[in-house]
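Trainee: Below you'll find the structure I mean.
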Amino acid sequence: MFDMPASGHAISMLKIPSVILDTVPEGPLTRDARKLHDLLMDRRRTAVVMVTLAEEMPANEAREFSEILREDLGLDVTHLVVNQLYPDHFPEGSTPSRVLEALPSNGDEELAALRTHGLLGRSRRALNEQYLRVLGDTIDAPRVELPFLFTPALGPDNIDTLSHVLENALQ
């Protein structure tokens, strides 16, 4: 497993073996470059698992990165992991959504804060849904959706939760 840097740097790194093979005379450097190139092209040993967020900039970068990987390097995304998805507690038209909208926006501070928080969560989920559609339309790979965990710091239990979601989705 290898975690790549930002997409622009990752593309440059992944192109290095091909550049060496195309420009350097046969020798120790080209032997190593050929081994790395062969490893990258071997679908039994190399997979591209892309991780992104369902938000505008990360989704657009994932889409562009996927195209470059496919067109320039001949690599396909084998799995797409979408991280930090807001829960859908207030689906449009549902009873919880109608209750949320009926809460006062002023007067009782606690109810107003609850309403504000609920509306924010609903709008974040709507944004996530929009970019899940964009990702689904442009990256043809099985998708794993990881929830947003509302915790100040990830602990072992949180890691277990996320790893179980990944494990179940990849089976």
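Trainee: Would you please name the residue that is surrounded by the most Cβ atoms within 10 Å (Cβ to Cβ), looking only at residues in the stretch 95-118 that are small (Gly, Ala, Ser) and without any contact (Cβ under 8 Å) to a residue 24 or more places away in the chain?
Mentor: Across the stretch 95-118, the extreme among qualifying residues is Ala112.
Trainee: Got at least one residue in the stretch 102-118 being under 18 Å from Glu55 (Cα atoms) and of a type in the set (D, E, K, R)?
Mentor: no
Trainee: Quick check, is Arg45 assigned to a helix (DSSP H, G or I) and either exposed (fewer than 13 other Cβ atoms within 10 Å of the Cβ) or at positive phi (or both)?
Mentor: No, not satisfied.
Trainee: Condition check: outside any loop (DSSP other than H, G, I, E, B), among the charged types (D, E, K, R), within 30 Å of Asp42 (Cα to Cα) and modelled with pLDDT of 95 or more. Does Asp157 satisfy that?
Mentor: No; evaluated as a whole, the condition is false for this residue.
The values are calculated or read from the model by the stated rules, or taken from the named source; none is laboratory data. Note that the coordinates shown come from a computational prediction; the quantities given were computed from them, not determined experimentally. Note that we place each Cβ from the backbone using ideal geometry, even for glycine, and neighbour counts take in every protein chain shown.
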